[in-house]
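The values are calculated or read from the model by the stated rules, or taken from the named source; none is laboratory data. Note that the structure is a prediction, hence the values are computed from the model and not measured. No Cβ is skipped: glycine too gets one built from the backbone with ideal geometry, and neighbour counts run over all protein chains shown. Note: areas computed on protein heavy atoms with side chains; ligands, DNA, RNA excluded. Shrake-Rupley method; radii C 1.70, N 1.55, O 1.52, S 1.80 Å.
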Protein chains: 2
Amino acid sequence: MDRRPTILDVAARAGVSKSTVSLVLKNSPQIKAETAARVRRAMQEVGYVYNRAAANLRSSSTGLIGLVINDLRNPFFTEFAASFQMALFARGYATVISNSGEDAAMQAAIIHSMIEHGVSALAISPAYGDVTSTFDQLARANVPTVQVLRQVSSRTDKFPFSSFDFVDGGGQAARHLIASGARRIAFVGGLEGRQITAERMSGYLSEMQRIGTEPIVLYGQPSRNAGAELAQQIMREHPQVDAAICFNDLVALGMMNALEREGQRVGEDFRLVGFDDLEESAQSLPPLSSVSCDITSFGEKTASSLLDWLTKGVVPPATHRQSVRLVTRASSGGRGV
Amino acid sequence: MDRRPTILDVAARAGVSKSTVSLVLKNSPQIKAETAARVRRAMQEVGYVYNRAAANLRSSSTGLIGLVINDLRNPFFTEFAASFQMALFARGYATVISNSGEDAAMQAAIIHSMIEHGVSALAISPAYGDVTSTFDQLARANVPTVQVLRQVSSRTDKFPFSSFDFVDGGGQAARHLIASGARRIAFVGGLEGRQITAERMSGYLSEMQRIGTEPIVLYGQPSRNAGAELAQQIMREHPQVDAAICFNDLVALGMMNALEREGQRVGEDFRLVGFDDLEESAQSLPPLSSVSCDITSFGEKTASSLLDWLTKGVVPPATHRQSVRLVTRASSGGRGV
DNA sequence: CTGAAAGCGCTTACAG
DNA sequence: CTGAAAGCGCTTACAG
């Protein structure tokens, strides 16, 4: 009673061979409905649980998809993880999620373990660091793997990369602020040297060049508190600035808070645009304009292109950029918008 | 070259039997160092990857620990997930994390799938709903399972429950506010009817009864925006209130923001205490007093008690409450604190 | 429509 | 210190 019942136990109970039980498990049309019903009843009676590991061993495909995430504490990534998993689940695949915590060594260990556990495919939102041996391992093991949101391996032929078109988003934001009458626009927040910071900033830089204005850039952590501090710094050191494109909404919300406390009317005296369009950004006071990255649909698309690769051999394009869309709200326009 | 090399390939390459290879894999001291080295070299050469599923099939223990989380979008739970996983990883166990998204049916499907995949043990921060059949399944499959943070099954003998001593935390917060000179204290935020709301409120209610004051309770979503709205409502409808214990820090931060915008000085005119002690709470303006729940250590303890159960048969106590500690900052005292 | 046999890649006693 | 054999719980052709 301690060991788990197997198909042999079920077969004995139902008075058939184990082959028949196996066929019933796969809903084979070969089995007479009556026999199938009897077998199913026997499964109930003995408390049978399918042993997927054993099945996989023979058929050598686990239906397990791995997801390695660089920071499970960041809502942007967890939203991705949640929608990715949901999409796979709906198509009958189980997802194992693991968090590397921005640690390349941890990431290597996780991936190693996932390969051992026989994942059929892998999506990685990678930690920065030396990852060549990690990706070599993946190549050897022949596990279809995509890089999302961050590109750390340049071998996009083997490890296709997909992300958002942040460059375009930054351009949209800059043009919108200029059109709304902003005179001096700063780019605020984001860690220096990170690719994603460069991308989000790039569209802003082009627009500043186009209108012949010197850009003003203040780097910082992508957090609410950093945003508040940077706002103070701008009011002190750059009083001429009357608008900002923020690395993300958290920074923008922190800035908004600090500006309003100092009596600045956000949307009139100072215009603000963020990135990510978090749920709460629509509800801030004033509501925050933001470059919306539909991370939910991104997660779903990543899931289906990975499955197409796995099941139909359709290799995803080496690089894919999902388009983004600026959502304008009161923080960048008149208060009543 | 397409199929993964097995120990037989390694054995052939190294000129030994597959048993020897297996022993090398387990670092058996029986194998001569020289032979082991030769075998290891052969593994490198053929690109061998351990097949854990096959190993598990024979030894019937996967070393896979499942974690089912009710809401991967909530930082409190993701912090738990991250520390739980780290702790297990450090002890050589792989964790598979899955998100039920507060959906009991999804949760049932996830747990079913995890059992099939042969998890050795399970931790569940459960979704509310009808879970009897889900837990029956677990009982039948004989998988050691703990409930954390939310108790949905009353069979704590089979499914031990552990959480924080929120009741005590609420009491600490209330006594502190009374001692600081607050005259009228409200309890703000948290969904009505949820056990965790009741727990966090309970200590407050006792203290109000003790000092003979009618409690004032305003329910709401556990979010920043809800906090801001509830603050407005309090200023309008309960002008006599000069302090609040909030369901969590998000609510408190939202309240703080709304209060300050209306010119109230938080910490002087209005005293505020939250729950959870988020990282950013120490850095808000003013810094937020909060009941600190050390979720990191909670995750680690959960991991090790689960492993003790799995490996040594030490069943955790039916109910465990980790103690919490009020951290007082300027939001509940003088501004200069 | 159902059964007998081989095999997936390991581990585990048991010999030697 | 190393090898030959059986077995973990399934699936997969192949018979019948």
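Rounded if a/c is under 1.5, else prolate if a/b is larger than b/c, else oblate: which is the range A:2-69, with a ≥ b ≥ c the root eigenvalues of its Cα gyration tensor? Could the numbers behind the result be given before it?
Values: a/c = 2.44, a/b = 1.70, b/c = 1.44.
It is prolate, given that a/c is not under 1.5 and a/b is the larger ratio.
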- D (µm²/s, integer) via Stokes-Einstein for the protein assembly as shown, Kirkwood Rh across alpha-carbon pairs, 4 °C, 1.567 mPa s: value 47
- Message: What is the angle, in °, between the Cα long axis of helix A:104-116 and the longest principal axis of the Cα atoms in chain A? Nearest 10 is fine, range 0 to 90.
- Response: 20
- Task: List, in order, the whole-Hz ³J(HN,Hα) value for each residue of the range A:231-241 obtained from phi through the Karplus relation with A = 6.51, B = -1.76, C = 1.60 and θ = phi - 60°; use x for Gly and Pro.
- Result: 5, 4, 4, 5, 4, 6, 9, 10, x, 6, 5
- Message: Can you compute the radius of gyration and Dmax for the range A:1-144, using only the Cα atoms, both in Å?
- Response: 19.8, 59
- Query: Relative to the other copies, what are the label-point distances for B:ARG91, with labels 7 Å from Cα along the C-beta vector, expressed in nm at one decimal and sorted shortest first?
  - Reply: 3.7
- Item | Phi to ³J(HN,Hα) by Karplus 6.51 cos²θ - 1.76 cosθ + 1.60 over the range B:66-82, Hz, x for Gly, Pro | x, 10, 10, 10, 6, 8, 6, 8, 9, x, 4, 6, 5, 4, 4, 4, 5
- Nm distances between copies for A:SER17, ranked from closest, using label points 7 Å along Cα→Cβ: 3.2
- Note on the structure: The alpha-carbon center of the range B:185-232 and that of the range A:248-309 are separated, in whole Å, by 30
- Message: Just to check I understand the Karplus step: with θ = phi - 60° and J = 6.51 cos²θ - 1.76 cosθ + 1.60, what whole-Hz values come out for the range A:270-275, glycine and proline as x?
- Response: 9, 9, 9, 10, x, 10
- Message: Given the -39500 (n - 2.57) contribution per DSSP H run of 4+ residues, what per-residue ellipticity at 222 nm results for the protein assembly as shown, rounded to the nearest 500 deg cm²/dmol?
- Response: -14500 deg cm²/dmol
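Give, to the nearest whole percent, the P(r) tail of the range A:183-234 beyond 13 angstrom, counting all Cα pairs.
Values: 768 of 1326 pairs.
Tail fraction, whole percent: 58.
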- Query: How large, in Å, is chain A by the Kirkwood hydrodynamic radius built from its alpha-carbon pairs?
  - Reply: 22.8
- Kindly give the distances from A:GLN233 to its copy-mates, label point to label point, with each label point 7 Å from Cα along Cα→Cβ, as nm values to one decimal ordered shortest first. 3.9
- Positions from the range B:277-326 whose accessible area shrinks by 30 Å² or more when the full protein complex is built, not the chain alone, probe 1.4 Å: B:GLU280, B:GLN283, B:LEU285
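For the range A:252-337, which GluC sites (Glu not before Pro) are both in a DSSP coil and crowded by at most 16 other Cβ atoms within 10 Å? Intermediate results must be reported in sequence, preceding the final value.
Numbers: sites: A:GLU260, A:GLU262, A:GLU268, A:GLU279, A:GLU280, A:GLU300; in loops: A:GLU262, A:GLU268.
Passing sites in the range A:252-337 are A:GLU262, A:GLU268.
Would you kindly work out the equivalent ellipsoid of the range A:60-159 from its C-alpha gyration tensor and give its semi-axes, the square roots of five times the eigenvalues, largest first in whole Å? Can you show the working numbers first?
On the way: eigenvalues 70, 59, 28 Å².
So the equivalent ellipsoid measures 19, 17, 12 Å along its semi-axes.
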- Note the angle between two axes, namely the Cα long axis of helix B:33-46 and the longest principal axis of the Cα atoms of chain B, as a number of degrees from 0 to 90, rounded to the nearest 10. 80
- Message: Above 20 Å lies some portion of the pair distances; for the range B:134-203, what is it as a whole percent of all C-alpha pairs?
- Response: 47
- Task: Tell me which residues come under 5 Å, amide H to amide H, from B:GLY274 once H is placed; ignore anything under 5 positions away on its chain.
- Result: B:CYS246, B:SER289, B:SER290, B:VAL291
- Mind telling me which of A:VAL314, A:VAL217, A:VAL24 comes out most flexible in a GNM of chain A, alpha-carbon contacts under 10 Å? A:VAL24
- Query: How far, in degrees from 0 to 90, does helix B:195-210 lean away from the longest principal axis of the Cα atoms of chain B, to the nearest 10?
  - Reply: 40
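Lysine pairs in chain B with Cα distance under 20 Å, only those 8 or more apart or on different chains: how many are there? It would help to have the intermediate numbers written out before the result.
Working: B:LYS18/B:LYS26; B:LYS18/B:LYS32; B:LYS158/B:LYS301; B:LYS158/B:LYS312; B:LYS301/B:LYS312.
For chain B, qualifying lysine pairs total 5.
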- Cα-based Rg then Dmax for the range A:207-305, in Å, read 14.9, 49
